[in-house]
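K.L.:
Please read through the structure below; I'll follow up with questions.
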Amino acid sequence: MASSPTFVIIGGGLAGAKAAEALRGKDFGGQVVLFCAEDRLPYERPPLSKEFMAGKKTIEEFTVQPKSWYAEHDVDLRLGTEITTLDRTAHMVAFNSGDHEHYDKLLLATGSHARKPPIPGSDADGVYYLRTVDDATELLAQLGDGRRLAIVGAGWIGLEVAASARGLGTDVTVVESAALPLLASLGREAAEVFVGLHRDHGVDLRLGTTVDEITTADHKATGLRLGDGSTVDADAVLVAVGAMPNIEVAERSGLVIAHSGIAVDKSLKSSDDDIYAVGDIAAAEHPLFGVPIRTEHWANALKQPAVAVAGMLGTPGTYDELPYFFTDQFDLGMEYVGYAPQYELAVTRGDLGKREFTMFWLDGGHRVSAGMNVNIWEGLDDIKQLIRSRRPVDTEALADPSVSLAALAG
């Protein structure tokens, strides 16, 4: 590389900011250029559906670094610039501003965008998608006492916004095509807990129901018409049916794509030796599970950049963190760790009725693949140890709170 190399970071979220921090923290002396599609300083996204939506946090409280930090650490911050072209042969990236930038090493941290299903009426005023702080600000202005919000989709974003909106006095209806919310993520046993939680707090859950149309009047959303012929009246509609990784430019450049993301190895290096990827877009080989894993969770954005930066600097490491995510809804707080897209058995210790329990997901060999604490704020490290041990466990002992998880892990 040149005596003064240029490392370019594409992505203005937590991952991009943490990569810039890591480069300067490792005394990288070359140029660091950070491109952000939004015209805002990099910020974290989980609060958008939680504390910010509930009116409990301001954008400043979850902005990663103040503007002065970038100047003090000689990070060339380019706001409002979105990547349009990646020329791997020329080591060049182009942007919507018309600018071009040469790179010696490139880190892609472009995140995701909200999925927009082809529902009639979805382009009307009063229909919202939650991905940016501007999206959240506009939706928040529609909430409050006497207001009515219809949510399409009972995934994490939909349910978190439902809880925040109810806390502000909003009447909330959530429509979900699956038989239960979060069914694909957690399975039936845990999904039923969230059904009870939301209904106990006054959310009108319509499950196993499709949305045929977002109804409108004068091009303004007025509610939903459902597949069963019923209707939902609303002052605002949130469509929360998942996210799509921003990989179009990477795909056009010829980078290898897997699991709807950019295929990267254990060091987070892509099929191009000079390009790394982190966060929502990274389908990373996992040394414990032996398969590529792509998750759209905060923990990856926080922790993957340091590993990617090590590789960019010529000292590749291994990203072996277990997938992790959390949620806060009403009086329920939850932490989930591990990976269990397919499981044979779910085992619970604790009290499901009181919503104070730990749930474990086991594979066919009775090895714990994932665990979730609900309103229990200890033992997460033991769950991680149990998952990493890959040892078969006795299910009766696993369900018994008097038996130490650390002892089961060996």
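The values are calculated or read from the model by the stated rules, or taken from the named source; none is laboratory data. Here the structure is a predicted model, which is why all the values come from computation and not from measurement. Note: ideal-geometry Cβ built from the backbone for every residue, glycine included; neighbour counts use all protein chains shown. Calculation scope for accessible area: heavy atoms of the full protein, side chains included, ligands and nucleic acids excluded. Shrake-Rupley method; radii C 1.70, N 1.55, O 1.52, S 1.80 Å.
K.L.:
DSSP loop GluC sites (Glu not before Pro) in the range 50-158 with at most 14 other Cβ atoms within 10 Å of their Cβ, which ones?
P.N.:
none
K.L.:
OK, next. Of the trypsin sites (Lys or Arg not before Pro) in the range 322-358, which ones lie in a loop per DSSP and count no more than 15 other C-beta atoms within 10 Å?
P.N.:
Counting only loop positions with at most 15 other Cβ atoms within 10 Å, the trypsin sites (Lys or Arg not before Pro) in the range 322-358 are LYS354.
K.L.:
In whole Hz, with x marking every Gly and Pro, tabulate ³J(HN,Hα) for the range 282-289 from phi via Karplus 6.51 cos²θ - 1.76 cosθ + 1.60, θ = phi - 60°.
P.N.:
8, 9, 9, 4, 10, x, 7, 8
K.L.:
Any idea what the alpha-carbon Rg over 2.2 N^0.38 Å comes to for the range 331-408?
P.N.:
Its radius of gyration relative to the 2.2 N^0.38 Å reference: 0.99.
K.L.:
What does a probe at VAL403 reach in the range 354-373, counting residues whose amide N is under 17 Å from the point 7 Å along Cα→Cβ?
P.N.:
The answer is 358-372, whose backbone nitrogens lie closer than 17 Å to the label point.
K.L.:
Using θ = phi - 60° and the Karplus curve 6.51 cos²θ - 1.76 cosθ + 1.60, what whole-Hz ³J(HN,Hα) does each residue of the range 18-26 get, with Gly and Pro shown as x?
P.N.:
So the J values, rounded to whole Hz, are 5, 5, 4, 4, 5, 4, 6, x, 9.
K.L.:
Right, something else. Can you sort TYR343, TYR103 by solvent-accessible area, 1.4 Å probe, largest first?
P.N.:
So the residues, ranked largest to smallest area, are TYR343, TYR103.
K.L.:
Which aspartates and glutamates does LYS18 reach when only Cα atoms under 13 Å apart count, and residues fewer than 8 places away in its own chain are ignored?
P.N.:
In chain and number order, the partners are GLU44.
K.L.:
Looking at the range 1-49, which trypsin sites (Lys or Arg not before Pro) are DSSP coil and have at most 14 other C-beta atoms within 10 Å of their C-beta?
P.N.:
For trypsin sites (Lys or Arg not before Pro) across the range 1-49 that sit outside H, G, I, E and B with at most 14 neighbouring Cβ atoms in 10 Å, the list reads LYS26.
K.L.:
Separate question: Dividing the alpha-carbon radius of gyration of the range 1-158 by 2.2 N^0.38 Å (N being the number of residues), what value is obtained?
P.N.:
Its radius of gyration relative to the 2.2 N^0.38 Å reference: 1.22.
K.L.:
For the range 127-239, go through all pairs of different Cα atoms, get the mean of 1/r, take its inverse, and jot down that Kirkwood value in Å.
P.N.:
14.1 Å
K.L.:
Send over a whole-number figure in Å² for the accessible area per residue of the range 333-410, probe 1.4 Å.
P.N.:
Per residue, the range 333-410 has 47 Å² of solvent-accessible surface.
K.L.:
Let me ask you something else. Under a cut-off of 14 Å between alpha-carbon atoms, report the aspartates and glutamates in cross-link reach of LYS220, not counting same-chain residues fewer than 8 places apart.
P.N.:
Here the aspartates and glutamates satisfying the reach criterion relative to LYS220 are ASP123, ASP125, ASP233, ASP235.
K.L.:
Separate question: If you count only protein heavy atoms with a 1.4 Å probe, what accessible area per residue comes out for the range 1-79, rounded to a whole Å²?
P.N.:
44 Å²
K.L.:
Leaving out ligands, DNA and RNA, what percent of the accessible area of the chain is carbon and sulfur, probe 1.4 Å?
P.N.:
46 percent
K.L.:
Additional query: Provide Rg over Rh for the range 232-305; use the alpha carbon set for both Rg and the Kirkwood Rh (inverse mean inverse pair distance).
P.N.:
So for the range 232-305, dividing Rg by the Kirkwood Rh gives 1.12.
K.L.:
Within straight cross-link reach of LYS266, meaning Cα distance under 13 Å, which aspartates and glutamates are found once same-chain residues fewer than 8 apart are removed?
P.N.:
Cross-link targets: GLU285, ASP320, GLU321.
K.L.:
Check which residues have an amide H placed less than 5 Å from ALA236's amide H, if you skip close sequence neighbours.
P.N.:
Distant-sequence amide H within range of ALA236: ARG148, ALA150.
K.L.:
With labels modelled as points extended 7 Å from the Cα through the Cβ direction, what inter-label distance (nm, one decimal) is found for HIS102 paired with ALA178?
P.N.:
About 4.9 nm, to one decimal.
K.L.:
Find how much the distance from ARG40 to LEU207 grows on full extension, using 0.36 nm per residue of separation minus their present alpha carbon separation; answer in nm with one decimal.
P.N.:
56.4 nm
K.L.:
Whole-Hz Karplus ³J(HN,Hα) for the range 178-183, in order, using 6.51 cos²θ - 1.76 cosθ + 1.60 and θ = phi - 60°, x for Gly and Pro?
P.N.:
Rounded to whole hertz, the list is 6, 5, 9, x, 6, 4.
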